Amino acid sequence: MTFVSSKQLQSLTRTLVYLLIFFLPLFFLPFTLDPLEFNKQTLLLVLTFVAALSWFGSMLLDRRIELKRGLINVLPFFLISAVFFPALYSVAPYVSWVGSHRQEYTSVLTVVACALLFYIMANVFTQRSAHRVAHAVWSLSTFLTGIIGVCSLFGVFLFPFDFAHIKGFNTVGTLSSLTIYLTVTTIFLCAVWMSHRKGDSIMHDGALGFFERFLMGGVFFLTFFFQLVIDDSRLWVVFIAGLVILLTLSCFRIQDFSNRIRLWWPVFFLAVSFIFWLGFPKLLPVEIPLEVLPSHASSSVIIQRTFEMYSSSYGSGPGTYLFDHNQFRGLDLNKTFWNVHFDRASSHIMTLIPTVGILGMFFLAIFVLFLFVRSFHQVVYPKTRAQWLESFIHSCPWFTLLVSAALAPWDMTLTVSFFLFSGFLASQVIQETKVSTSRSTPVLSFMISFLFFLCVVFFFSGLFFTVQRYAADVAFTKAIRLDREKGTLEDIVISLERAATLNRFHDAYYRSLAEALLLRVNEQIGTVDSVNSLNSESSQYIQSLIVACVNATVRATELSPSQVLNWVSRGSIYRELIPLMSDATDFALSAYQKAVQLEPQNPEYWTQLGMTYLVAASHVQPLLGSQDQSLAAQSQQTYQQFVLGAESSFIEAIKRKVDYAPAHFQLALTYQRQNRLDDAIGKMESVTTYNPLDVGVHFQLALLYLNRAGEGDLERAQKSLEYTIQLAPSYSNAHWYLASIYEHQDKMAQAVKEIEVVLSLNPDNPVVQVRLENLSMGRVGEQWSETLEPLDL
C-alpha cells in the first residue's frame, strides 16, 4: 500500500517548478545581509532538489524509467563541467563552489541545480498543458515584479524593510537587470500572442485567457516604461534584437499565424525602439540610481591579463571576476571610480571568459549550440504546427537572453531564467523517449532503488548544509545590524563567532570576527589604568583575545588568499598590535605588501602600507637614544629603513592617483620625520589645495610652520589655525596653539580668550586651568617651546 502515486509525485514535481518560476524574480528575505541573490539561490536549491527527489520517487513507484534519448542526457554534464574544472583551480574556492558576495549565480552549486532543473524540465514538461500553466505563472510573476519596481521609483515602498526604502529597489537586482527580465518576458509573451489560435494555443481560453491578455498588456507597458526611464542604449539594443528575432522567426512559418495583423505590432515596437536608440530625447525624466559598469575595452584587458597570470584553459575560477579586476585594472579608472570594486564585467560573457577560461566556455558553447541548432531547425522545418508553436515561442526569449549576455551582466534571476527557457526548449526539440521497465530487468530495479537512495542521502546532506549556511548568514547579519545600532561589542562578537562556527569556509565571517576582537582588545586595555594595575587574570584574558584575533585574521587569509580585504584587515590588526607583539611589525608589513600585490593600482593600500612603516618607525624611535651604542646604531638603521619605506609607499600611492590627499598628507609627515621641513610644508600646502575643508590638514600645516619658524611662518601658522577654527570652532588644540602664537606676539587678551574657549570645551582639564591662571596674571612661559606642546585631551 502506497500513500502517494507516481502521477501525484510527477504533479508535485511540476508544481515545484511552477513555484520556482513564480517566486524567482519576486523572492527576497530580510534576514540575510544580501536579501536577493543569496535567498534566490537558496530557493533554487531547495525547490530544485525536492523536485528531483519527487521525480525519481515517481519512477521508483512506477518501476519504469522514462527519459529523453540522445545528447540531452549529456548536456547537463557539459554544463557542470563548464564550472567544475575551473573551480578546481580557483583563486577563491568558496566563492567558486558555493558562492558569496553576490557571486552565487556563477557558482558550481548554482550551476548543478540549474543543470538538474534543465534535465527535469526536459523530461517532465512534455505536455502543452504544463506549459500553459508555467506561462501563466511566469506572466503573473513578471507583472508583479514590474509593479514593485515602478512603485519604488515613485517613492511608494511596499515593504517595511530599510533596504527596500531605496529609490529604484526591485526584487530582481539592478534596474538594468529588471529591464532585461521584463524585455525577455515581453518578447516571450509577444510570441505567445502572435501565434495564438483558438483551440491550438499556449494561452488558456475563457476567463483565464482574458486575465493572461491583461497581464500581457501590463508587462508590455512596464517594459516600455523602464526602457524609457533608464534610456540605456544597451537595453534598447536587447529589445530591438528580441523584436528582430521575433519577426525573423515569424517569416519562416507565416502561414501558421491565424491573425497576421498581429505581426505588425512588433514592427511598430521596433520602429519606436529605433527612434529612442538613435538618440531621441528622454521622455520620462525620472531620477534613478547611478549604475556604473566597466567598459568593454577595460573588460577585454582584464581577460587578457588574467589569462597571462592564470591558466587560459581554466581561468581564475567561477565568481572571481572581482579579484581579477582588482589585480589587473588600469590606472585610468583612478581618475573617476578609483575605489569602486567591480564584481562583473561589461557583459555576462566577458565576466565568464576570464573566470571559467577557454575550456569552460567550450563546454558552455556545446550546450548553447546544441539547443540553438535543434530549436532553429524545428522552427524552420517542423513536422507539425505543434512542434513549431512550442519551439517558436520559447526560442524567441531564449535567443534574446543570449543577446543580453553579450551586452549586459547577469544575476541569479536572469541565469535561472535562461535555464528555464532551455528546459522548455529541450522538452520539445527532443521528442524521442526511451522507456525501461524494471519488472523485466532486476538489475535496473536495483539501480533505480540505489539511485533514489543516493538522491535521498544527497538531498538531506545538502539540506543540512543549506540550513547551516543560512543560519550562519543570519547570525552575521545580526552582528552587522548590532554594529549599526551601536550594540555592545560582546554581543557583536558572540554573533560573529556563531556565524564562523556554523560556516567555517566563509572568509568574511572570520575577517569581521578578527576586527571585532581587536576592538575588544582595545576596550579591555582601555579599562586598565597602568601596567602595574594589570592583574594576571586580566592579562591572560587580554592575551587570549589577542590570540583569538590573530587566529581569526589568519584563517580569513587562508580561506581566501586572493581577497585583498582579508590582507588589508590582517595588516591593520597586526599594525595595532605592534606595541604588544614583538613580531607584529613584520606581519603587518608583509600583509600590506600582499594587499598592494593583489590590488596594485589602489592608492589607499599603498598609503596604508606607508602608514604601517611610520608606525613601525615610531615603535623603534625610543631606542635611538639607548645607552647601548650598538643597539642605538642598529635602531637608527632600522628607523631610516622604515621611514624610507614609508616615503616610497606614499610616492607609489601618488603615482597611482595624483590628487589622493591622504598620501600627500602622510608624505608631508614623513618629510617632517626626516627634518625636510621645506618639502613637508610644500607637500602639506598642496594637500590644502585638494582638500580645502580638511581641518586636520590645516592644523598640521600650522604646526609645520611653527616647527620651521622661518621668516613669516608665525603669521602663516596663525592664518592656518584661524582657518581651522573657522572650519571647526570646537577644535581645542587649534585654540591652544593659537593662544601660544598670541602669547608670543604679546597679545595677552586674545591669548586669554582662546584659552577660555579651550577651558569651556574641557572644564576638568587641570593643565588648561593652570595656563589660564598664569596668562590672567601676566605670567608667560620662559621659553617659546614651552607653549608649543599639544594639549592632552
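Numerical summary
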| item | result |
| --- | --- |
| Qualifying residue in segment 143-155 (condition: at pLDDT 95 or above, buried (at least 24 other Cβ atoms within 10 Å of the Cβ) and in contact with a Ser or Thr (Cβ under 6 Å, 6 or more places away or on another chain)) | no |
| Where a residue in segment 68-92 is free of Cβ contacts under 8 Å to residues at least 40 places away in the same chain and at negative phi and its partner, wherever it lies, is part of a helix (DSSP H, G or I) and among the β-branched types (V, I, T), with Cβ under 8 Å and at least six apart | I80/V108; I80/V111; I80/V112; F84/V108 |
| Of residues in segment 751-768 being exposed (fewer than 14 other Cβ atoms within 10 Å of the Cβ) and assigned to a helix (DSSP H, G or I), the one modelled with the lowest pLDDT | P766 |
| Looking only at segment 629-658, and only at residues there that are assigned to a helix (DSSP H, G or I) and of a type in the set (V, I, T), the one that is farthest from N334 (Cα to Cα) | T638 |
| Lone qualifier among S233, S273 - being surrounded by fewer than 18 Cβ atoms within 10 Å (Cβ to Cβ), in contact (Cβ under 8 Å) with a residue 24 or more places away in the chain, under 18 Å from L178 (Cβ atoms) and in the same structural domain as V192 (by TED's automatic domain parsing) | S233 |
| Test for K198: is it among the basic types (K, R) and in contact with a Leu (Cβ under 7 Å, 6 or more places away or on another chain) | no |
| Residue in segment 194-212 that is hydrophobic (A, V, I, L, M, F, W, C), surrounded by 16 or more Cβ atoms within 10 Å (Cβ to Cβ) and part of a helix (DSSP H, G or I) present | yes |
| Single residue of F118, F163, F85 found to be part of a helix (DSSP H, G or I), surrounded by 21 or more Cβ atoms within 10 Å (Cβ to Cβ) and out of contact with any Asp or Glu (no Cβ under 7 Å at 6 or more places or on another chain) | F118 |
| Residue satisfying condition, being farther than 20 Å from L414 by Cβ, part of a helix (DSSP H, G or I) and in contact with a helix residue (DSSP H, G or I) (Cβ under 7 Å, 6 or more places away or on another chain), within set F22, F31, F77, F49 | F49 |
| Which listed residue is hydroxyl-bearing (S, T, Y) and surrounded by fewer than 19 Cβ atoms within 10 Å (Cβ to Cβ), from T42, T15 | T15 |
| Inter-residue pairs, beta-carbon under 7 Å, first without any contact (Cβ under 8 Å) to a residue 12 or more places away in the chain and in segment 138-155, second surrounded by fewer than 17 Cβ atoms within 10 Å (Cβ to Cβ), 6+ apart | C151/L158 |
| Residue check for A130: assigned to a helix (DSSP H, G or I) and surrounded by 22 or more Cβ atoms within 10 Å (Cβ to Cβ) | no |
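Let's see how each residue does on (1) buried (at least 19 other Cβ atoms within 10 Å of the Cβ); (2) at negative phi; (3) polar (S, T, N, Q):
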position	(1), (2), (3)
D586	no, yes, no
L589	yes, yes, no
V596	yes, yes, no
E599	yes, yes, no
N602	yes, yes, yes
Y605	yes, yes, no
Q608	yes, yes, yes
V620	yes, yes, no
S626	no, yes, yes
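The values are calculated or read from the model by the stated rules, or taken from the named source; none is laboratory data. If you're wondering where the values come from, they're calculated on a predicted model, not measured in any experiment. Neighbour counts run over all protein chains shown; Cβ positions are idealised from the backbone, glycine included.
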